[in-house]
Structures are given as C-alpha cells and as structure tokens.
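Just below is one structure, and these are the notes that go with it.
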Amino acid sequence: MEEVEAPSHIETAFLQGLKKLEEGYPLQYLIGEWNFYGKTFSVQEGVLIPRPETEVLVEEVLKRLPLYGELVGLEIGVGSGCISITLLLLRENLKMVGNDVSLKALSLTKRNAERHGVYQRLLLFCGDLFEAIKPKEFDFVVSNPPYIPASMWQSLPEGVKLEGYNSLIGGMEGWEFYQRFNRSLDKYLKKGGFFAFEIGHDQGSVVKSIFEGSGYQVQVIKDLSGKDRVVVGWKS
C-alpha cells in the first residue's frame, strides 16, 4: 500500500491537540462531542461534560415514567441537554421544559436537541432555578445541579475547571442548591409526582434530611461504585 503523507496543517493540528491533552485539556472538548447513554452530544467549554454517573439519574427517572399517557417533566440546569434529550428519545409520550442560567448551555442544548430530532418537544428558558418557570404541575423535576463545595475549587484539576465555576460549585457546603429546590418544589410537582437529583458521593444523608423535613419520602440510590449518586423523592 502506498504511503500518503498527511498535509502539514493536519499534522500541525494533531500535534497541537496532543500537547493540549498532555497539559490536561479535556479530550471531550478537544473533539467537541461525547457519548452519553449510547448517544453522541456536542460539548464545549463552560458547559458540564456528560458523565457515566449521570446515567444512573436518567435510569431512575425512566423507571418511574409510564410508556403511555402524556407526561411533562422539568429539568433545572440543562447544561448540554443530555438528560432531557435522552429522556425524550426514550419516552415518546414525554414533553420537557428546561432552563439554565447560561445562554451558552441553552444554545448547546438546542443544537443537541435538533441533532437528535426532539427539539419540538423541548421548551427552554433562561433563568435561575424556578424563576423563569410559571407554576405548573409537572410529573417530575430532574436536575444534576452544582454540588461541589466552594472550598474545593482551587484543588480541582485545571481541565475540570474549564467546565465552569457555576457548573460545578454548589455553594460553601455544596448542598445549598437542594435547600433552594426544597423551598419551591411543591409549587411545581403534581400530586403523585416525584423529583430525581444527582448528588455528591458523600451527600446522601444530608440531602435526604433536607427533603424529609418537608414531608417527602426519599430514597438514596448508589452508583456502580457503591457511592451515593441520586436522590428520588415523592409525597404520598
């Protein structure tokens, strides 16, 4: 087979890419996309990279969604859109409402939703938590919020920091977002509805107590590593 020499600009780009990887630049951002739940999603700096642990969150929501009858879900902080879009792909009877404080994230979610053909069932808003959402009874609320304590920011790898402070840091303790969720959930969940949130590996008992204090029944689900990963809650 005859050898073909790569054009110089391709060789240069390849070597530059290798150098960035050696310096800790995320592979996901370098190639511009990543896999989540068997589908490929576009990613970019400043928006959380989809991770396998978050697939546990999607699975827990899917377990509780019937295959028939119209459903409406709400995602707080859509990021790349991987959670809402995956749910829409796997439940044709579902419509999603999602928000984010980042216009970059909302633009990325729109692009990914169009890529996977579900944008017509996804309504997006820009705002903090529930502020852009009119009170409405949703069948469920889902979120992978920031939950890393602020004190850990400096110790995070530089590549991880590229995902953005607001995407990662949940406050001084790390669980402040769950306290804020707890104050508003009743306005948005219909009777018999549920919430499902991703949590930090050591936050299960704290987050569970936050919602139990408001009358929710709460279950903590562990990931494949045996670490706390998701809380699911509902009221009888």
**Request:** Quickly run through region 112-140 and pick out the residues that are aromatic (Phe, Trp, Tyr) and free of Cβ contacts under 8 Å to residues at least 60 places away in the same chain.
**Result:** 119, 125, 130
**Asked** Limited to region 211-236, what total is found for residues that are closer than 20 Å to residue 168 by Cβ and outside any loop (DSSP other than H, G, I, E, B)?
**Response** 4
**Message:** For region 22-54, which positions are more than 21 Å from residue 222 (Cα to Cα) and among the polar types (S, T, N, Q)?
**Reply:** 28, 35, 40, 42, 44
**Complete:** All-but-one check, residue 197 against (1) crowded, with 18+ Cβ neighbours inside 10 Å; (2) out of contact with any Pro (no Cβ under 7 Å at 6 or more places or on another chain); (3) at pLDDT 95 or above, failing number (2)
**Message:** Among the listed residues 140, 130, identify the single one that is crowded, with 16+ Cβ neighbours inside 10 Å, of a type in the set (A, V, I, L, M, F, W, C), modelled with pLDDT under 95 and under 23 Å from residue 177 (Cβ atoms).
**Reply:** 130
**Message:** Here is a check on your reading of the model: is residue 205 closer than 24 Å to residue 132 by Cβ and of a type in the set (S, T, N, Q)?
**Reply:** no
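Inside region 146-175, can you point out the residues that are touching a Phe, Trp or Tyr at 6+ places or on another chain (Cβ under 8 Å), assigned to a strand (DSSP E or B) and not hydrophobic (A, V, I, L, M, F, W, C)?
Of all residues in region 146-175, those touching a Phe, Trp or Tyr at 6+ places or on another chain (Cβ under 8 Å) come to 146-147, 153, 159, 161-162, 165, 168-171, 174-175.
After this cut, where a residue has to be assigned to a strand (DSSP E or B) as well, the list is 169-171.
Once the filter is applied, which keeps residues that are touching a Phe, Trp or Tyr at 6+ places or on another chain (Cβ under 8 Å), assigned to a strand (DSSP E or B) and not hydrophobic (A, V, I, L, M, F, W, C), region 146-175 yields 170, 171.
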**Request:** Kindly establish whether residue 205 is outside any strand (DSSP E or B) and farther than 21 Å from residue 104 by Cα.
**Result:** yes
**Complete:** Given (1) under 18 Å from residue 161 (Cβ atoms); (2) among the basic types (Lys, Arg); (3) in contact (Cβ under 8 Å) with a residue 40 or more places away in the chain, residue 51 misses just (3)
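Condition check: on the phi > 0 side of the Ramachandran plot and exposed (fewer than 14 other Cβ atoms within 10 Å of the Cβ). Does residue 69 satisfy that? I'd like the intermediate steps shown before the answer.
Numbers: on the phi > 0 side of the Ramachandran plot: yes; exposed (fewer than 14 other Cβ atoms within 10 Å of the Cβ): yes.
It is true that residue 69 is on the phi > 0 side of the Ramachandran plot and exposed (fewer than 14 other Cβ atoms within 10 Å of the Cβ).
Any chance you could count how many residues in region 212-236 are crowded, with 20+ Cβ neighbours inside 10 Å and farther than 18 Å from residue 73 by Cβ?
In the first step, residues of region 212-236 are kept if they are crowded, with 20+ Cβ neighbours inside 10 Å; the result is 216, 228-233.
Applying the additional criterion that residues be farther than 18 Å from residue 73 by Cβ yields 228-229.
Residues that pass the stated criteria total 2.
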**Request:** Working only within region 190-216, note down all residues that are more than 23 Å from the chain's Cα centre (by Cα) and touching a residue at least 40 places away in the same chain (Cβ under 8 Å).
**Result:** 191, 192
**Request:** Please state which of the following conditions residue 148 fails to meet, knowing it meets all the rest: (1) hydrophobic (A, V, I, L, M, F, W, C); (2) farther than 30 Å from residue 68 by Cα; (3) buried (at least 20 other Cβ atoms within 10 Å of the Cβ).
**Result:** (3)
**Filtered residues of region 71-108 (kept if among the β-branched types (Val, Ile, Thr) and in a helix (DSSP H, G or I))** = 83, 85, 86
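The values are calculated or read from the model by the stated rules, or taken from the named source; none is laboratory data. Quick caveat: nothing in here was measured; it's all calculated off a predicted structure. Neighbour counts are summed over all protein chains in view; Cβ atoms, including those assigned to glycine, are modelled from backbone coordinates with ideal geometry.
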